[in-house]
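The values are calculated or read from the model by the stated rules, or taken from the named source; none is laboratory data. Predicted model, so just to flag it, every value in this text is computed and none were measured. Glycine gets a Cβ as well: all are built from the backbone with ideal geometry, and neighbour counts include every protein chain shown. Surface areas here come from the heavy atoms of the whole protein model, side chains and all, with no ligands, DNA or RNA. Shrake-Rupley method; radii C 1.70, N 1.55, O 1.52, S 1.80 Å.
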Amino acid sequence: MIDLQITVKLDDGTEWELKPSIGTFVKFERHFKMSVQALSNGTAGIEHVVWLAWEQARHEGRAVTTFDHFVDKVEDLQMGKTDAPLVATPSPTT
């Protein structure tokens, strides 16, 4: 299970808390040709996190325009995760 929370504050004062869906992560991997593991091992850049927020906002039906326009409107961005790892390891069965 992938567990990631992204908080985006836009220049108009609105703030969105987004949790990318599995579908958004798949689109990320297809678009950037890299694994979502890059988010946890430090090889992903800020563009990757903003893209995830933008794509998830589109998925949720929020009014967003092109990616470049969205980037211009982002005033602050925070990436966090819950206590769970980014990709949980299945528990061994006994």
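Values for this structure:
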| quantity | calculated |
| --- | --- |
| Convex hull projection area averaged over all views, segment 20-71, Cα basis, nm² | 3.4 |
| Set of segment 1-35 residues, backbone N closer than 13 Å to the point 7 Å along the Cα-Cβ line of GLU47 | 31-34 |
| Accessible surface, per residue, of segment 25-73 when the full set of protein chains is kept, probe 1.4 Å, Å² | 59 |
| Integer Hz, Karplus 6.51/-1.76/1.60 couplings in order for segment 66-80, x for Gly and Pro | 5, 4, 4, 5, 4, 4, 5, 8, 6, 9, 8, 9, 10, 10, x |
| Proximal aspartates and glutamates to LYS73, defined as alpha-carbon separation beneath 15 angstrom and excluding residues fewer than eight positions away on the same chain | ASP11, ASP12, GLU15, GLU47, GLU55 |
